[in-house]
Each structure stands twice: as structure tokens, then as C-alpha cells.
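Have a look at the structure below before the remarks.
The values are calculated or read from the model by the stated rules, or taken from the named source; none is laboratory data. Remember, it's a predicted structure, so these values are computed and weren't measured experimentally. A quick note on method: Cβ atoms are made from the backbone with ideal geometry, for glycine too, and the neighbour counts reach across all protein chains shown.
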Amino acid sequence: MKGGEVSAIIDTLSRRISAAGKTPELYDDTRSLAVVCRTDNEGNSPCYSAIVFFSSPTEGTNESPAGYWNYTIQGLTTPYGPIDIASTNNAIEVATSPLQRALELEIIARSQSGNTSQIPPELDIIAFTRQDQGALEADRTASYLNLVTWAFPPIFTLTLIGVVDHLTSFVAREREIGMWHHLFP
């Protein structure tokens, strides 16, 4: 998809990314992207985020015919840890959403339909998770209580067996050497 709408958007976004002090890189296929931006054992990648274009209103690929915008944004970095609903410093807000916003603004600006709709200047980003923050904390508490219920009793039992064994050994030894009468007259 060279020389069309996708190339024009890539060029504009590349200029914006360069102006922000980052280095945009272009790849001809997703395999090259996967090789360069592979994640390490901790889930971190040297890449910030990536956009993979499949089609535009005038261009298409084997995966997607022309006629509509079809792209995937890949959030490749994870230095922010798990999502905290109360925070605005999650990976989605810091890395992926600004890139998506810039891309969508560019698509709207290049729209040939005379569309005058605009994206609001401030976005309310709602991170989608399986649980809200309260349910997540309750789940963590339940997991800890499960650990206390299932893991600690065997540990305490083994400890108690050791103490009882040591005590009976000690008493038996004291009886054998005749110290018993001196301890308990």
C-alpha cells in the first residue's frame, strides 16, 4: 500500500512522532515487526506501539478488501504493570491511546465524505477489565485467605510435630540420665 491514503497517513504520523522525539520505523510485513519488536521474558519490548494497516477506502490487501479502514494498533510496551482503574498512568493511556487518537484525527481530517465530526478535545478513557477495582481487591483478599487456609495449616502441623517430637525426646532423655527427679520432685 504505497503511494495511497495509508502512505499519506503514515507519513503524517511519522512526522508527528519524530517531532515528539521518538523514532518511527516502517516495516513491509508483520513478520519484520514481530522480529524487531519481540518481547523479553518480562513482557517488555523495545518498541512503543505499532499500527498494522490492512485496508483503506481505496486500498486493500489479501486479508482485507478495499472499502473501509481496517488497522490494528498493537500496544507493545508493558512497563506500567497491571491496570489500576483509579490511575491515569496505565499503559493504555500513556502508550496506545495517544497513538490511536492521532491516527483517528488524521483519518477524520482526510475523510472525503465532507464529515465535519470531530473527536472531543478531552477523552474519558475507560480501561476494559474483567473486574472493577473493588472486585479486584476482593479477589486478591480471597486469594490470600485461600493461601492462609490451605498452605499455613500444613506448615503449622509440621512445625508442631517437630516441637512435640523434640519435647518427647527431651523428656525421655532426661528420664534415662536420671534428671527427671531433679526437675519434678
Query raised in the report: When the stretch 1-49 is examined, which residues are found to be farther than 25 Å from Leu105 by Cβ, over 22 Å from the mean Cα position of the chain (by Cα) and acidic (Asp, Glu)?
Result: Asp28, Asp29
Report summary line: Going through the stretch 69-90 in order, the residues found to be assigned to a loop (DSSP other than H, G, I, E, B) and at pLDDT 85 or above are Trp69
